[in-house]
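Below: the structure, in structure tokens.
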Amino acid sequence: QPAMDALADRLVDTLRERLDRAVADAAGDPDELTEHVRSIYREWKTQRIDEHVEDVIRIAFGHGALAVLAPGTPICWAVDPNGPACPDADDNALGGAVAAGQPFPTDHLCAPAHPGCRCLLVRAPR
């Protein structure tokens, strides 16, 4: 469900807001509305869709990785050294192992912590 919620938040709701503005900006002019809508979809197709879909995939992966672990399994937050800098991710990684299902120091239950986050959950070393 978290991935579906992210899909709605990051794709559907955002696109709907842009289209609502286009309708308002066109002020009843069908040619202007057509131009705005084409521009919005072109931008999303060529510039935005990939980053949003990648975030949704990371969310699904993170929640799936957590779901297959037995409750209480020790897990760690692994920061992608090439990913975007994030104080939450660093705090979670420095916090050490937590039991699966319990929050990390920043109250996240699993990675990713934010859009663009490429952190992962890993089993704690034995």
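The values are calculated or read from the model by the stated rules, or taken from the named source; none is laboratory data. Remember, it's a predicted structure, so these values are computed and weren't measured experimentally. Don't worry about glycine lacking a Cβ; one is built from the backbone with ideal geometry, like all the others, and counts go over all protein chains shown.
In segment 7-20, the residues that are under 14 Å from E51 (Cβ atoms) reach residues that are at pLDDT below 90 and in a helix (DSSP H, G or I) with C-beta atoms within less than 7 angstrom, at least six apart or across chains, in these pairs: L7/V56; R10/H52; R10/D55; R10/V56; L11/H52; L15/W44. Residue pairs whose Cβ atoms lie under 8 Å apart, separated by 6 or more positions or on different chains, with the first residue in segment 30-59 and more than 18 Å from D5 (Cβ to Cβ) and assigned by TED's automatic domain parsing to the domain that holds C119 and the second in a helix (DSSP H, G or I) and β-branched (V, I, T), do not occur. Within segment 26-52, the set of residues being surrounded by fewer than 12 Cβ atoms within 10 Å (Cβ to Cβ) and either more than 29 Å from the chain's Cα centre (by Cα) or more than 25 Å from P115 (Cβ to Cβ) (or both) comprises A27, G28, D29, P30, D31, R38.
State whether one or more residues within segment 104-118 are crowded, with 18+ Cβ neighbours inside 10 Å and either assigned to a helix (DSSP H, G or I) or among the hydroxyl-bearing types (S, T, Y) (or both). No: zero hits.
With respect to the conditions (1) more than 29 Å from V12 (Cβ to Cβ); (2) surrounded by 15 or more Cβ atoms within 10 Å (Cβ to Cβ), N82 lacks only one, and its number is (2).
Only one of the listed residues (D55, D90) is under 14 Å from R118 (Cβ atoms) and in contact with a Lys or Arg (Cβ under 7 Å, 6 or more places away or on another chain). That residue is D55. Within segment 7-61, the only residue that satisfies the criterion of being outside any helix (DSSP H, G or I) and acidic (D, E) is D29.
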